[in-house]
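Enquirer: After the structure tokens below, expect a handful of questions from me.
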Amino acid sequence: MMSNFIKLNPFAKTNNNTGFGTSASSYGGRFINKDGSFNVVKEGVAASRRISVYHSLLSMPVWKFIGVILLIFISVNLLYTGLYYVAGLDGLTGFIPKSRLEDFWEVYFFSCETFTTVGYGRMNPTSFGCNIIAATEALSGFLSFAVATGLIYGRFTRPNAYMLFSQQAVVAPYQGITGLMFRLATYKPDHVLTDVDVRVNLSLTVMENGQQVFKFYNLELERSRIDALSMNLTVVHPITESSPLYGLTADDLAKADAEMYILVRGYDEVFTAIVQQRTSYTYEEVVFNAKFLPMYRESEDGKTTILELQKISHYRVLSE
């Protein structure tokens, strides 16, 4: 956090319900990442209590989830393949010794067939040791697929806001004054959120009694609630005399290490649940004297409005 001596607006109302502390020296980087996750690493508690495997598997990206499932499947079958070798391959009827590598693959795929309870039938266990291993493997396969099915169902049915935010916020002319603006939109076809609520908080680092502290402000919006979000929405904070941003320049925001926290909530009729999404904008992501470009057009037949989501972050800098 950098030292600063900006002059705050005495008429701006502070907000003490942000969930963050006020000591600027205790924080590093931004509070909230662009994807909405909190930029926090937790320590001081044993990993067995801090980490939830179930929660991690539900919340991790799809590619990681698929990778973990494949890694577990391969690793478990490698374990059982080794146990069959320990028990003796002569306890597997139908096993035909060939080269060392071919023998390994044949036992490995027999383990896969047993784990998934496919059982093609050419090979089967006959010794007591191999039967115990096969029975244990079949049981663990049943349990594993039950857990995997629950996880997949949980991931597919978890409510999601499916929302895009502009990469930048802009400070643009607004009704004779200026306004701080950013854009958002839902991106799934036929996906409409109703009863949408938008909240914006601003943090500024200032000097107070010789120490750096955070001041948090709830930014008043032109419209903080809308009935339905079917297209894009430009969220506007009018920079009036009561705004904490009144009179501040881009350099002032940099000195104050400014960051805006965005929380959007709405009712999803498909999930029949309240969904929400977070993001943030740091001072580096605020463009002064700029204006967003239109991101929709009329269809060729004039009967439909086309929302161009690829243009959600497009803006132009205004002439001085």
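The values are calculated or read from the model by the stated rules, or taken from the named source; none is laboratory data. Because the structure is a prediction, the values reported are computed rather than measured. Glycine also receives a Cβ, built like all others from the backbone with ideal geometry; neighbour counts cover every protein chain displayed.
Enquirer: In segment 245-260, how many are closer than 22 Å to residue 33 by Cβ and either of a type in the set (Phe, Trp, Tyr) or not in a loop (DSSP other than H, G, I, E, B) (or both)?
Expert: Residues flagged as closer than 22 Å to residue 33 by Cβ and either of a type in the set (Phe, Trp, Tyr) or not in a loop (DSSP other than H, G, I, E, B) (or both) within segment 245-260 amount to 4.
Enquirer: How about segment 57-66: which of its residues are under 23 Å from residue 142 (Cβ atoms) and either without any contact (Cβ under 8 Å) to a residue 12 or more places away in the chain or part of a strand (DSSP E or B) (or both)?
Expert: Across segment 57-66, the qualifying residue is only 66.
Enquirer: Determine whether segment 30-48 contains at least one residue that is among the basic types (Lys, Arg), assigned to a helix (DSSP H, G or I) and at pLDDT below 90.
Expert: Checking segment 30-48: not a single residue is among the basic types (Lys, Arg), assigned to a helix (DSSP H, G or I) and at pLDDT below 90.
Enquirer: Scan segment 224-249 and report the pairs whose first residue is in contact (Cβ under 8 Å) with a residue 40 or more places away in the chain and outside the structural domain of residue 263 (by TED's automatic domain parsing) and whose second residue is crowded, with 17+ Cβ neighbours inside 10 Å and in a strand (DSSP E or B), with Cβ atoms within less than 9 Å and a gap of 6+ or a chain change.
Expert: Matching pairs, first to second residue: none at all.
Enquirer: For segment 201-214: of the residues being hydrophobic (A, V, I, L, M, F, W, C) and surrounded by fewer than 22 Cβ atoms within 10 Å (Cβ to Cβ), which is farthest from the chain's Cα centre (by Cα)?
Expert: Checking each candidate, the answer is 207.
Enquirer: So which of 173, 97 ends up being in a strand (DSSP E or B) and at negative phi?
Expert: After ruling out the rest, the residue left standing is 173.
Enquirer: Another question, then. Could you say whether any residue in segment 188-195 is surrounded by 15 or more Cβ atoms within 10 Å (Cβ to Cβ), in contact (Cβ under 8 Å) with a residue 12 or more places away in the chain, closer than 30 Å to residue 317 by Cα and assigned by TED's automatic domain parsing to the domain that holds residue 269?
Expert: Checked against the condition, which is being surrounded by 15 or more Cβ atoms within 10 Å (Cβ to Cβ), in contact (Cβ under 8 Å) with a residue 12 or more places away in the chain, closer than 30 Å to residue 317 by Cα and assigned by TED's automatic domain parsing to the domain that holds residue 269, segment 188-195 yields no hits at all.
Enquirer: Scan segment 273-292 residue by residue and report those that are under 18 Å from residue 180 (Cβ atoms) and under 27 Å from the mean Cα position of the chain (by Cα).
Expert: Listed by number, the residues that qualify are 278, 279, 280, 281, 282, 283, 284, 285, 286, 287, 292.
Enquirer: If you go through segment 196-203 one residue at a time, do you hit one that is in contact with a helix residue (DSSP H, G or I) (Cβ under 7 Å, 6 or more places away or on another chain), assigned by TED's automatic domain parsing to the domain that holds residue 241 and of a type in the set (A, V, I, L, M, F, W, C)?
Expert: There is no residue in segment 196-203 that is in contact with a helix residue (DSSP H, G or I) (Cβ under 7 Å, 6 or more places away or on another chain), assigned by TED's automatic domain parsing to the domain that holds residue 241 and of a type in the set (A, V, I, L, M, F, W, C).
Enquirer: Answer with yes or no whether residue 275 is part of a strand (DSSP E or B), under 19 Å from residue 168 (Cα atoms) and of a type in the set (Val, Ile, Thr).
Expert: So residue 275 fails the test.
Residue-by-condition table, conditions (1) surrounded by 14 or more Cβ atoms within 10 Å (Cβ to Cβ); (2) part of a strand (DSSP E or B); (3) over 20 Å from the mean Cα position of the chain (by Cα):
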residue	(1), (2), (3)
240	yes, no, yes
243	yes, no, yes
262	yes, yes, no
265	yes, yes, no
271	no, no, no
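Enquirer: Sticking with this structure for a sec: Could you say whether any residue in segment 146-162 is touching a strand residue (DSSP E or B) at 6+ places or on another chain (Cβ under 6 Å), among the aromatic types (Phe, Trp, Tyr) and closer than 30 Å to residue 36 by Cβ?
Expert: Looking through segment 146-162, at least one residue is touching a strand residue (DSSP E or B) at 6+ places or on another chain (Cβ under 6 Å), among the aromatic types (Phe, Trp, Tyr) and closer than 30 Å to residue 36 by Cβ.
Yes/no matrix, rows are residues, columns are (1) surrounded by 13 or more Cβ atoms within 10 Å (Cβ to Cβ); (2) on the phi > 0 side of the Ramachandran plot; (3) aromatic (Phe, Trp, Tyr):
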residue: 153; (1), (2), (3): no, no, yes
residue: 161; (1), (2), (3): yes, no, no
residue: 165; (1), (2), (3): yes, no, yes
residue: 184; (1), (2), (3): yes, no, no
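Enquirer: Being more than 30 Å from residue 153 (Cβ to Cβ), in contact (Cβ under 8 Å) with a residue 12 or more places away in the chain and among the polar types (S, T, N, Q) is the filter here, so list the residues in segment 262-309 that pass it.
Expert: Across segment 262-309, the qualifying residues are 280, 282, 289, 305.
Enquirer: Return yes when residue 133 is closer than 30 Å to residue 111 by Cα and either buried (at least 16 other Cβ atoms within 10 Å of the Cβ) or modelled with pLDDT of 95 or more (or both) and no when it is not.
Expert: So residue 133 fits the description; yes.
Enquirer: Would you check which residues across segment 67-94 are touching a residue at least 40 places away in the same chain (Cβ under 8 Å) and part of a loop (DSSP other than H, G, I, E, B) and list them?
Expert: 88
Enquirer: Within segment 100-124, how many residues turn out to be of a type in the set (S, T, N, Q) and not in a helix (DSSP H, G or I)?
Expert: Of the residues in that region, 3 qualify.
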